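To start, the structure itself, in structure tokens.
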Amino acid sequence: MSGVIELRDLAGEVAREAGELARRRRAEGVHLAATKSSLADIVTEADREVEGLIRDRLRAARPGDGFLGEESAPDAGATGITWVVDPIDGTVNYAYGIPSYAVSIAAVRGSTAPAEWEALAGAVYAPATDELFHAAKGEGAHLAGMRLSVTSETPAGALLATGFGYDPATHDGDLATVRRAMTIARDLRRAGSAALDLAFVAAGRLDGYFERGLKPWDLAAGALLVSEAGGRVTILDTESTRPMLIAGGIRVHDRLRAIVGEET
Ligand code: IPD
Ligand code: CA
């Protein structure tokens, strides 16, 4: 068993346990802990508890590794490998009782900047459907033992997904991008979890996805799923506070990139 497979299996095992905790806490009732960058940007007590569990499990299994999570302080570690973790991606869905939320865990090497790191392994676990999407570098992406593959033909136009940041000041610009992307779309989804959007691109449930302003933990595992499923992922405007991520099968990716590139 190569190193990346061990990392992937650890990510998957911890993501499942964390997802079960999130689902249990959801059934007991959600408690808002705080708002963050804006009123729309919330954190629940479950987000913090689930991140704590993930951090404990990873530290016990691999004590020297670094950690970069949405809800707690980063730790650079000593091995060059960092775990990039979103305990509950889709927190607003989670708070409202919409089942589109997921635990996202990835192991990356080198930099902790998404455009520079080398993604080694990742898992996205959706508690509501009990689906574990996982990937290891060079070993493909899988769901329930089946190898995943992005779509290649989109005769009726691409089924696209996107998302919006929490800062209302950014919405006009993002809606202008949506207007342009619709020229190649059969339809558009805004499901509320970047990690699941990327997992769905990997699984061929979406043809493409684009979003500005994602954080490293939103995309770390999902971007590896897409590339290991034969797709392409690009991050544009890496120096800006709101880089643009584009993911999809090669043709849809390239068309989205051309559309988005016209305005950047
Ligand atoms: C958010 C979700 C959402 C995306 C936002 C993210 P959170 O993450 O992934 O789909 O549009 O940009 O911040 O706050 O639920 O962990
Ligand atoms: Ca997130």
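Inside segment 210-227, can you point out the residues that are more than 9 Å from ligand 1 (Cβ to nearest atom) and out of contact with any helix residue (DSSP H, G or I) (no Cβ under 7 Å at 6 or more places or on another chain)? Listed by number, the residues that qualify are 216, 220, 224, 227.
Looking at 169, 135, 95, 156, just one residue is modelled with pLDDT of 95 or more and either of a type outside the set (Ser, Thr, Tyr) or surrounded by fewer than 16 Cβ atoms within 10 Å (Cβ to Cβ) (or both), and that residue is 135. Candidates 226, 201: the one that is in contact with a Leu (Cβ under 6 Å, 6 or more places away or on another chain), closer than 24 Å to residue 125 by Cβ, of a type in the set (A, V, I, L, M) and crowded, with 24+ Cβ neighbours inside 10 Å is 226. Only one entry in 77, 69 is small (Gly, Ala, Ser), within 16 Å of ligand 2 (Cβ to nearest atom), in contact with a strand residue (DSSP E or B) (Cβ under 6 Å, 6 or more places away or on another chain) and closer than 16 Å to residue 10 by Cβ, namely 69. Here residue 155 passes the criteria (1) part of a loop (DSSP other than H, G, I, E, B); (2) over 26 Å from residue 203 (Cβ atoms) except the one numbered (2). Within segment 78-97, residues that are small (Gly, Ala, Ser) reach partners that are modelled with pLDDT of 95 or more with beta carbons closer than 6 Å, at six or more positions or on different chains, in the pairs 78/64; 80/109; 90/100; 90/101; 90/192; 90/193. Whether a residue is over 26 Å from residue 229 (Cα atoms) and either surrounded by 21 or more Cβ atoms within 10 Å (Cβ to Cβ) or at pLDDT 95 or above (or both) was assessed, and residue 186 does not pass this test. For residue 199, the conditions (1) in contact with a helix residue (DSSP H, G or I) (Cβ under 7 Å, 6 or more places away or on another chain); (2) within 15 Å of ligand 2 (Cβ to nearest atom); (3) closer than 14 Å to residue 242 by Cβ all hold with the exception of (3). Against the test of being at pLDDT 95 or above, within 16 Å of ligand 1 (Cβ to nearest atom), of a type outside the set (Gly, Ala, Ser) and not assigned by TED's automatic domain parsing to the domain that holds residue 198, the options 108, 85 yield a single qualifying residue, 85. Scanning segment 13-32 finds no residues that are without any contact (Cβ under 8 Å) to a residue 12 or more places away in the chain, over 19 Å from residue 104 (Cα atoms), touching a strand residue (DSSP E or B) at 6+ places or on another chain (Cβ under 9 Å) and not polar (S, T, N, Q).
The values are calculated or read from the model by the stated rules, or taken from the named source; none is laboratory data. This structure is a prediction, so every number in the text was calculated from the model and none was measured. Methodologically, a virtual Cβ is constructed for each residue, glycine included, from the backbone with ideal geometry; neighbour enumeration extends over all protein chains shown.
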